[in-house]
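The values are calculated or read from the model by the stated rules, or taken from the named source; none is laboratory data. Bear in mind the structure is a predicted one, so any value in this text is a computation, not a measurement. Neighbour counts are summed over all protein chains in view; Cβ atoms, including those assigned to glycine, are modelled from backbone coordinates with ideal geometry. Surface areas here come from the heavy atoms of the whole protein model, side chains and all, with no ligands, DNA or RNA. Shrake-Rupley method; radii C 1.70, N 1.55, O 1.52, S 1.80 Å.
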Amino acid sequence: MATLLRLSVLCGAQGSRGLFLRTPVVKPAPVPALLQDRLSPGWCGVQHLHLSPRRLSGSKAASLHWTSERVVSVLLLGLLPAAYLNPCSAVDYSLAAALTLHGHWGLGQVVTDYIHGAAPQKAAKAGLLALSALTFAGLCYFNYHDVGICRAVAMLWKL
């Protein structure tokens, strides 16, 4: 606690000037009038920034995709104990589908965020789709022709 207090004295707390800083720590950011909410009855002076265009903000597809991602994540949280307690082929195939879908969506966001340009992004997404399909096919092949995901992980734990 003393360290935090000492840092707040040196760097300046709550917008005041610190000992080592010549400018205020917190600077108010100007907000263009286009991004501000309109004055309405009961307006208390709070400004809300709208960073997404209004035509895309009510998209049902984006909302459904976001909800689907959360459902798959919660499904994975339930499948992990089920795989430990009851290793069977239904859990193996469910894990194959959920893990592949979860990985595909996660890597798809990495592609969207870090690959710029229409052509490279399209090529990367096509490669990701091929990789995800190959992953799912490989996991299904492993489940059908070998011991399955659950028993394989149990065998690894026994090593």
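Of everything in region 129-146, what is over 20 Å from L95 (Cβ atoms) and either open to solvent by less than 90 Å² (accessible area, probe 1.4 Å) or touching an Asp or Glu at 6+ places or on another chain (Cβ under 6 Å) (or both)? Give them in sequence order. Listed by number, the list holds a single entry, A130.
Quick grid of which residues meet (1) assigned to a helix (DSSP H, G or I); (2) under 14 Å from P87 (Cα atoms); (3) not small (G, A, S):
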residue: A119; (1), (2), (3): yes, no, no
residue: K122; (1), (2), (3): yes, no, yes
residue: L128; (1), (2), (3): yes, no, yes
residue: S132; (1), (2), (3): yes, no, no
residue: A137; (1), (2), (3): yes, no, no
residue: N143; (1), (2), (3): yes, yes, yes
residue: C150; (1), (2), (3): yes, yes, yes
residue: V153; (1), (2), (3): yes, yes, yes
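Annotation: S8 fulfils all but one of (1) at pLDDT 55 or above; (2) more than 21 Å from A133 (Cα to Cα); (3) in a helix (DSSP H, G or I); (4) of a type in the set (G, A, S); the unmet one is (1). Filtering A96, A119 for residues that are in contact with a Cys (Cβ under 8 Å, 6 or more places away or on another chain) and modelled with pLDDT of 95 or more leaves a single hit, A96. When W66, W157 are screened for being among the aromatic types (F, W, Y), under 22 Å from the mean Cα position of the chain (by Cα), open to solvent by 60 Å² or more (accessible area, probe 1.4 Å) and at pLDDT below 95, only W66 passes.
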